[in-house]
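The values are calculated or read from the model by the stated rules, or taken from the named source; none is laboratory data. Just so it is clear, the model here is predicted, and its values are computed rather than measured. Cβ atoms come from the backbone with ideal geometry, glycine included; neighbour counts cover every protein chain shown. The area values use the complete protein model at the heavy-atom level, side chains included, leaving out ligands, DNA and RNA. Shrake-Rupley method; radii C 1.70, N 1.55, O 1.52, S 1.80 Å.
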Amino acid sequence: MIAIYWDVFKTIFKNNFVKEFIYRTNAFAMTFADLIWVVVELAFFEVIYSNIANINGWGREQCFFFLGIFVSSDALFTTFFQRSFWEFPMLINRGDLDVLLTKPVSPVFLATMKSINFTQVLNLILGFWIIAHYGPAAGFDGGLAWLAVFFWIIIGLATQYLMRFVSVVWAFWLERGITVSALYYQLYALANKPSGLYPASIRFVIKTALPFAFMGSLPVLSVTGKLPLQDYLLVAVVLVVYTFLARTLWKRGLKRYQSASS
Amino acid sequence: MNMIRIKWMMEWRLAAVRNGMKDALAYRWDFLIDFFTQAFVPVGIQLILWHSIFTQSGTTVFGGMKYTELLAYTWTSILFSQVRGGNYDFALIEMIRTGSLSQSLLRPVGPVEFVFWRGFGEKIFTAAFCLFLGLLASYFADRSVLNLLLAMMLAVLGNVIHYLFGATLAAVAFYWENAFAILLVKNMMVSLLSGEVMPLSVFPAKYSWIWESTPFYLYVYGPTQVALGKWSPEVWAHHMMIGFGWCIAFAILLKITWSRSIRQYQGIGG
């Protein structure tokens, strides 16, 4: 079974690589554009910390270290899933999901992995560079602690996948599910700032209902040894609940699906 | 003959605006969700951030602004960040990439202008609603209605500059097959340098030349300053002149880039 999925993934990878580099100049420009996004985020924190030294224990270095982990996790998600999730509502609205339902592999796998974006590679490298550069000043020891960083990047990736899935699956019920995707990305602004910058109520929300904190804030606290034990348990519980929610919504959505223009 | 021509020129533009309005209202729930998410979610996050900065760091002034001033700026800036919005330039690159520009070239209307009016039609409800909200707020917050109207004029001018700039950049699609990335970069720069993320006055003085040397500050920061009464009508007039200058410069650039670049067009994509 794994071999079949691996073969399918290889084919998707090859097809997308060719598709991406049909428009070579645009692909390179997109890489540059994605780098600019990181620069804009860095500039934002630079402006904030040029006016203030510390916000609730988060200094400039901690913030940049946070950004490094967040950027790495986001780059992985964008590479493998983001485009597919943008196209997901169209699959339902146009009835293109029919084709995926007839294939001998999971339609969720095909629907969420069919488009790979190769322009985020530099962001991934930049993310790791930021971690390495600002980490020591933020209390990150390096060495074996890198394993914890990789672990949390995968957790961030899984979190974003589940949240994004739950946000797009509403396309089964809405006329144009793309609007909920837009809402997700508006709320995503909560993810690219450290949790310490928010009041307690928002910190609670981004650790439970909208677990954006798993993509950057909690990883920073964890690798610098400041994450309370109960928060590890919270991460596990929230991810399990999200998985259950995603599966339930998908199954109910499929029952409602009526092919084209459902 | 001249009257017929003038009538035609008016009619197709109005038809394009109507077409855009109808398109925006075709999916009413999406339109409403779009409006509220685009207007209020980012502002909500900014307000939370300002609250945290002031309460959790114990400071009373941030970038020369008090907490109440930052709140007033953030709330007021919603009105103009919605007006400046609009990514009609992306429609142009899509037309070039897919070859659907060919159909537009056969029509007796310019594709660049047609896309603008159609996009403006989509935005017109948002702009009208923002103006209504602004007028309502000016009644309760004791703000000058004249200032609000002047500010809205500046924001509309910003919308035009934004499109002219985007359309000029879109000409790159004739050479690069797809210029999506370049417009994306433009939007990222605009989000930071227009003042919709934070007031530009909080930028460190040594970096202020960056936003001062672009027209982006006329989109949100400028109108907000006018609406809040921090820019006098004289200063407003000065910046309107600067805005018109940018418009003329981009209009000329647009003419040059499109007239040259369109020679690359092959009708099967750029």
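Observations on the model:
- Across chain A, Cα pairs under 8 Å and at least six residues apart give a relative contact order of 27 percent.
- Note on B:Ala141/B:Phe40: beta-carbon distance plugged into 1/(1 + (r/R0)^6) with R0 of 22 Å gives a FRET efficiency of 0.80.
- Highest-first arrangement of A:229-238, A:84-93, where packing means the average Cβ count within 10 Å: A:84-93, A:229-238
- Mean residue ellipticity at 222 nm, helices only, the protein assembly as shown: -24000 deg cm²/dmol; runs of at least 4 DSSP H residues each add -39,500 (n - 2.57), and the sum is divided by the number of residues.
- Using alpha carbons only: equivalent-ellipsoid semi-axes of chain A, gyration tensor based, whole Å: 33, 22, 17
- Checking every one of the chymotrypsin sites (Phe, Trp or Tyr not before Pro) in the stretch A:114-205 against DSSP loop status and a limit of 15 other Cβ atoms within 10 Å picks out A:Trp173.
- Fluctuation leader among B:His51, B:His239, B:His162 - chain B, Gaussian network, Cα springs under 10 angstrom: B:His51
- C-alpha long axis of helix B:111-140 to longest principal axis of chain B, angle in °: 20 degrees
- Put a dot 7 Å past the Cα of A:Leu122, heading toward its Cβ, do the same for A:Asp96, and the two dots end up 2.8 nm apart.
- Listed residues B:Thr55, A:Thr112, B:Thr76 arranged by accessible area, highest first, probe 1.4 Å: B:Thr55, B:Thr76, A:Thr112
- Each Lys and Arg adds +1 at its Cβ and each Asp and Glu adds -1 at its Cβ; summed about the Cα centre, the stretch A:1-70 shows a dipole of about 300 debye.
- Solvent exposure, largest accessible area first (probe 1.4 Å, DNA, RNA and ligands not counted), of A:Lys114, B:Lys230, B:Lys123, B:Lys186: B:Lys230, A:Lys114, B:Lys123, B:Lys186
- Computed as a quarter of the hull surface, the mean projected area of the alpha carbon convex hull for the stretch B:152-252 stands at 6.8 nm².
- Solvent accessible area, Å² - B:Ser259, 1.4 Å probe, full protein context: 60 Å²
- Environment charge of B:Val220, counting only residues whose C-beta is closer than 13 Å and scoring Lys/Arg +1, Asp/Glu -1: 0
- Cα-based shape type of the stretch B:1-59, given that a ≥ b ≥ c are square roots of the gyration tensor eigenvalues and the cut on a/c is 1.5: oblate
- Spatially proximal lysines relative to B:Lys123 (Cα-Cα < 19 Å; intrachain offsets below 8 disregarded): B:Lys22
- C-alpha center-to-center spacing [the stretch B:31-67, the stretch A:31-79] in angstrom: 18 Å
- Couplings for the stretch B:145-161, taken from phi via the Karplus curve 6.51 cos²θ - 1.76 cosθ + 1.60 with θ = phi - 60°, read 5, 4, 4, 5, 5, 5, 4, 5, 4, 5, 5, 5, 4, x, 4, 5, 4 Hz in order; Gly and Pro are left as x.
- Length-normalised contact order of chain B in % [C-alpha pairs under 8 Å, at least 6 apart]: 27 percent
- Degrees, to the nearest 10: B:67-84 long Cα axis against longest axis of chain B: 10 degrees
- Rounded if a/c under 1.5, otherwise prolate or oblate - the protein assembly as shown, Cα gyration tensor axes: oblate
- Taken as Cα centroids, the stretch A:95-132 and the stretch A:171-245 sit 20 Å apart, rounded to the nearest whole angstrom.
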